[in-house]
Amino acid sequence: MLRDKKGNKKKSLLDLSVAAGGIMAYIVYKRKKPRTIPLGDGWWGVGEKTLSEDQKIYPFQVETSDKEIEDLYERIDRTRYADPLEDGKFHYGFNSTYLKKVVSYWRHEFDWKKQVAVLNKYPHFKTKIEGLDVHFIHVRPPHRENQKVLPIMIVHGWPGSFYEFYKILPLLTQSHDGVVFEVICPSIPGYGFSEASHKQGFNSLAAARIFLKLMERLGFSQFYLQGGDWGSLITTNMAQMKPQCVKGLHLNMCMSNRGFKVLLSLLIGPYLPFLVGLSREDVRRLFPFFEKNVFEMLRESGYFHIQATKPDTAGCGVNDSPVGLAAWILEKFSSWADLKNRDLEDGGLERKFSLDDLLTNVMIYWTTGSITSSMRFYKENLGSNLNNRVDFKTEIFVPTGFAAFPNELMHCPKSWAQIRYRNIQSYTFMPRGGHFAAFEEPQLLADDLFNFVKKVEKS
């Protein structure tokens, strides 16, 4: 240590450099976020993990029987309905007057055997991963000269299924300016024909790891991803775990981080949106904020709290009653397509969907008895503070595209999405559509996906 003429200690340049370096190191340490999530491993099968696992891929077909259909009819015929309130419409949930009409169609006109044939239109497969039989469909495009075939995995959410994508599959597997997709569409374990976990803790990170192993097993070293609802979180986790494998991530739902930037935009956004990165369309979709994003969420999130706390209790009822199951699921296809549908006697259910399509989705849950295990996915993901999870602390650096549909439950502006997704290549305000994008507006979603991918491929 140097001293001046009075004998006082004098800091050298070296001392100052060390001090400055320490401060900078502390700042970097505090700000540094992990760039990837460790892949890890898991075992969700019965009992102890086996020494080896069958890695073969087996063809699978959806099947039914007269006995299965007779049991369904017997249960439907024994249904006990509650009388609706006068002028209640869909504000109290699924209106029982309209429910009787849906159930009458289900009982007397819906042809499950015919719909099973529709389901088997595409090739189905199963393979064992981490102790679970994982179901998926694998659709290859017709062979044509001079077309670029890109593999993509598309992932559903709740209360949907792989069937949500049956309208978009023909669009994705047709050449679009020389670009075409080879589509892998799995069922989340615990949904439909994918085996449910036998152990606690199966969350989106576990599903992401299993789907990455599936893509590796299929021979894909690089691929695209698309998802909404739980699918958006699972595909995001996949991009966080193996960014080197994910050429691009396309989402139609985004869960943004909360923080100072978001708070500032909520305070200033309604008056000076350009100062906080909001567009006029963002303002229109976001505000009044408490009405659209707090009070509406309270009105629509009752199911969420039940499934995130006591899924097995509610599951007892809806797994035993086909009509109860239909009401629990189909109410979401009404309000999540457009919250204004709550003002209609029929919930606007058939404005965007056919009863055949809706009941086919319900039947996938009914025949597999998977509603309870699908509901558990909420508890496994929300049993602890999401902000403490490693994936919510990890930014996403793969090329990302967003399709922001106007009737999605919560709007996420581009400036909010950029807090986590650091490489947004496209962000589109979609002209119409709600939560079930591929089911409601397959052409719009397909066009936006192709535009995003072509932009990534050129970069």
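The values are calculated or read from the model by the stated rules, or taken from the named source; none is laboratory data. Note that the coordinates shown come from a computational prediction; the quantities given were computed from them, not determined experimentally. Here Cβ is always computed from backbone atoms with ideal geometry, including for glycine, and neighbour counts include all displayed protein chains. Protein only, heavy atoms only, side chains kept; ligands, DNA and RNA dropped before computing areas. Shrake-Rupley method; radii C 1.70, N 1.55, O 1.52, S 1.80 Å.
Just for the range 24-60: of the residues that are modelled with pLDDT under 95 and aromatic (Phe, Trp, Tyr), which one is surrounded by the most Cβ atoms within 10 Å (Cβ to Cβ)? For the range 24-60, the residue satisfying everything is Tyr26.
Looking only at residues in the range 347-375 that are more than 24 Å from Leu444 (Cβ to Cβ) and not in a helix (DSSP H, G or I), the one that is most open to solvent (accessible area, probe 1.4 Å) is Gly369. Selection of the range 421-438 for residues being assigned to a loop (DSSP other than H, G, I, E, B) and surrounded by fewer than 22 Cβ atoms within 10 Å (Cβ to Cβ) yields Arg422, Asn423, Met430, Pro431, Arg432. A count restricted to the range 43-75 and to residues that are in contact (Cβ under 8 Å) with a residue 12 or more places away in the chain, in a helix (DSSP H, G or I) and either over 25 Å from Phe162 (Cα atoms) or of a type outside the set (A, V, I, L, M) (or both) stands at 3.
If you go through the range 147-157 and pick out every residue that is farther than 11 Å from Tyr224 by Cα and surrounded by fewer than 22 Cβ atoms within 10 Å (Cβ to Cβ), you end up with 3. A single member of Phe260, Phe295 is out of contact with any strand residue (DSSP E or B) (no Cβ under 8 Å at 6 or more places or on another chain), of a type in the set (Phe, Trp, Tyr), under 30 Å from Gly93 (Cα atoms) and open to solvent by 40 Å² or more (accessible area, probe 1.4 Å), and it is Phe295. Of all residues in the range 403-420, those that are open to solvent by 10 Å² or more (accessible area, probe 1.4 Å), not small (Gly, Ala, Ser) and not in a loop (DSSP other than H, G, I, E, B) total 1. Residues that are over 30 Å from the mean Cα position of the chain (by Cα) and open to solvent by less than 60 Å² (accessible area, probe 1.4 Å) were ranked within the range 74-104; the one that is farthest from Leu359 (Cα to Cα) is Gly88. If you go through the range 307-337 and pick out every residue that is open to solvent by 20 Å² or more (accessible area, probe 1.4 Å), within 21 Å of Arg80 (Cβ to Cβ), touching a helix residue (DSSP H, G or I) at 6+ places or on another chain (Cβ under 7 Å) and in contact (Cβ under 8 Å) with a residue 12 or more places away in the chain, you end up with 5. Inspect the range 289-304 for any residue being β-branched (Val, Ile, Thr) and outside any helix (DSSP H, G or I) and give the result as yes or no. No, that holds for no residue.
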